[in-house]
Structures are given as structure tokens and as C-alpha cells.
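Please read the structure below before turning to the comments.
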Amino acid sequence: MSFLKGIASTAGAAFSIATSATYDIDWKDIKVREAVIVHWKEVKEKADAALPLAGLRLTKEQKTKLDELLKHQGVFPNEPTDYLLDNLPDAIPPASLNRIIGGVIDDCLKNHNHHDIPTIASGIEEAE
């Protein structure tokens, strides 16, 4: 039964990615970074759901980088770090980021003005 749930989850993520709109987001932009931080819970949820497909879409180097960023846990951390956000576009191509979480970020950039951005850990000491 667990196997079928896994297949259904992966199929749902694949359908969601395939049918989603595409966005032109600069993932190194400070406003994008702030939107990711503010909406991390939703970003994490969508990104974690897409992880089973990562092996199909990423190069070996990208998979290695993503695994390093996820600290070999197989899911995104509960809180983002500067290190994760700085390096994520190198592990997951921007076009894929756009498909997976672009809707959340695009909506935030167009409709919200966040003044209190939470401070996040650097994450550098954890990556060494």
C-alpha cells in the first residue's frame, strides 16, 4: 500500500509540474530571496513533493549538489539558510525552480510587500 501511495504522490507531483505555468524569476534577486524566506513553509512543501522527480531531471553534478544542500536528508530543512538559498539555483536549474515554486514567489512579488523578513542562519558552518 505504501508503494502505491508513493507512486500516486510522484504522479501527482509530475502532473503538477507538467501543467503549471512558467515564470521568469531571477533566483539570485534579493526580493525573490525574501519571498522564499517569508513563504518557506509553502516552498518547502512544494519542493519536497517534487524531490522524487529530481533524479529524472538533474545531472549527476546537480543531484550531488542538491544532496549536499539537503544534508543527505532527502527533504528540505524546516528553516532555510543563506548557504541553501545562495546555492539552490546551482543544484536545481532556474526553469525547474520556476515550475515547482514559481507560482508562490510570483504571487508574493506581485501582491505582497513584506517589511519584516525573518533572519536566517548562514548555514556555512554546517556545510563545511
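A few remarks follow.
- A35 surrounded by 14 or more Cβ atoms within 10 Å (Cβ to Cβ) and either modelled with pLDDT under 60 or closer than 23 Å to L109 by Cα (or both): yes
- Subset of segment 52-82 (residues that are touching a helix residue (DSSP H, G or I) at 6+ places or on another chain (Cβ under 8 Å) and among the polar types (S, T, N, Q)): Q62, N78, T81
- Filter pass, K65 being at pLDDT 95 or above, surrounded by 12 or more Cβ atoms within 10 Å (Cβ to Cβ) and touching an Asp or Glu at 6+ places or on another chain (Cβ under 8 Å): yes
The values are calculated or read from the model by the stated rules, or taken from the named source; none is laboratory data. The model shown is predicted, which means the values in this text are computed figures rather than measured ones. Glycine also receives a Cβ, built like all others from the backbone with ideal geometry; neighbour counts cover every protein chain displayed.
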